[in-house]
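Below is one structure; the comments refer to it alone.
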Amino acid sequence: MITSILFDMDGTLIDSEPLSARAWRQAADALHAPVSDEMIRSFVGRPIKAIMDMIAEKLGSHEFADTLYADYRARKTLIYDQELELKPQVAESLPALKEAGFRMAVATSSRREITLHNLERLGILDYFESLTTGDEVENGKPSPDIYLLACKRMEAEPAACAVIEDSINGVRSGHAAGCPVFMIPDLTQPDAELRSLCTDVLPDMSKLLDAIRRQNA
């Protein structure tokens with residue numbers, strides 16, 4: 001029986017992934033860094049340490065990776081301040097899920113200060129009983145660590161905690177933790193193998209409450 005819902009943030013609650021990808025592309029182009037669009041897509045759902053290791057391996061220098069990341073952060077902050085919005089149906093779905101009696105939390109690869117800022121700025125922070133962030137676990141998504149910690153904080157078994165994800169790495173993380181995973185695709189559509197790891201794949205957040213009720217029936 002699902003009693004709690006663990007939401008990823010980027011690409012699931014907030015429409016940040018296209019904005020983040022644009023900031024990476026602008027930073028890479030400005031510094032003439034050979035970072036492809038495919039590589040940028042592979043960043044989705046991963047913690048920043050893993051991303052930095054990937055960049056350093058590609059560019060051959062942690063120092064240059066740090067420079068690229070600093071440029072990206074500055075561009076992302078400006079873009080987010082101007083354009084960041086909730087994903088479709090999130091504003092309507094969170095109160096409906098709360099009214100239905102589900103406990104809710106966030107488990108995101110983003111750092112805590114960024115998570116707090118984004119959720120508060122967009123007016124949804126108070127819906128969540130706990131936040132588990134990428135700077136609190138040793139191994140980021142697709143490792144199960146972040147969802148296992150989020151379940152522990154909710155004092156619930158993984159089987160009772162629905163994971164809501166948009167990314168390949170996030171789906172793998174939730175599934176490895178033993179949680180039922182509901183995917184709402186953002187930049188990447190699931191293939192057959194990824195679908196097999198999901199309890200359901202939904203077109204948008206408005207379908208989540210009914211999907212969980214079906215699973216609980």
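The values are calculated or read from the model by the stated rules, or taken from the named source; none is laboratory data. Keep in mind the model is a prediction, meaning the values are calculated, not measured. Cβ: placed from backbone, ideal geometry, glycine included. Neighbour counts: every protein chain shown.
Things worth noting here:
- Among the residues of the stretch 37-93, the ones that are in contact with a helix residue (DSSP H, G or I) (Cβ under 9 Å, 6 or more places away or on another chain), on the phi > 0 side of the Ramachandran plot and either of a type in the set (A, V, I, L, M) or not assigned by TED's automatic domain parsing to the domain that holds S143 (or both) come to 1 in all.
- Of the residues making up the stretch 108-127, those that are in a helix (DSSP H, G or I) and either modelled with pLDDT of 95 or more or not acidic (D, E) (or both) are R112, I114, T115, L116, H117, N118, L119, E120, R121, L125, D126, Y127.
- Filtered residue count, the stretch 186-217, keeping only those that are of a type in the set (A, V, I, L, M) and touching a strand residue (DSSP E or B) at 6+ places or on another chain (Cβ under 7 Å): 6
- Some residue of the stretch 14-24 being under 24 Å from V137 (Cα atoms), β-branched (V, I, T), at pLDDT 90 or above and outside any strand (DSSP E or B): no
- Number of the exception - E138 against (1) assigned to a helix (DSSP H, G or I); (2) more than 19 Å from V90 (Cα to Cα): (1)
- Any hit, the stretch 104-121, residues being farther than 30 Å from L208 by Cα, touching a residue at least 24 places away in the same chain (Cβ under 8 Å) and surrounded by 17 or more Cβ atoms within 10 Å (Cβ to Cβ): no
- Flag for D191 being surrounded by fewer than 23 Cβ atoms within 10 Å (Cβ to Cβ) and either outside the structural domain of K141 (by TED's automatic domain parsing) or under 22 Å from I146 (Cα atoms) (or both): no
- Residue satisfying condition, being touching a Phe, Trp or Tyr at 6+ places or on another chain (Cβ under 9 Å) and of a type outside the set (S, T, N, Q), within set A74, A28: A28
- Number of residues in the stretch 48-88 that are touching an Asp or Glu at 6+ places or on another chain (Cβ under 8 Å) and not in a helix (DSSP H, G or I): the value is 5.
One line per residue, one yes/no per condition, for (1) under 25 Å from L122 (Cα atoms); (2) touching a residue at least 60 places away in the same chain (Cβ under 8 Å); (3) not hydrophobic (A, V, I, L, M, F, W, C):
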residue	(1), (2), (3)
R22	yes, no, yes
A28	no, no, no
P34	no, no, yes
M39	no, no, no
G45	yes, yes, yes
D53	no, no, yes
K58	no, no, yes
D66	no, no, yes
Y69	yes, no, yes
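- Where a residue in the stretch 140-151 is aromatic (F, W, Y) and modelled with pLDDT of 95 or more and its partner, wherever it lies, is surrounded by 24 or more Cβ atoms within 10 Å (Cβ to Cβ) and not in a loop (DSSP other than H, G, I, E, B), with Cβ under 7 Å and at least six apart: Y147/L6; Y147/A107; Y147/V163; Y147/S173; Y147/G174
- Criterion violated by G45 - all others in (1) under 17 Å from M9 (Cβ atoms); (2) at pLDDT 90 or above satisfied: (2)
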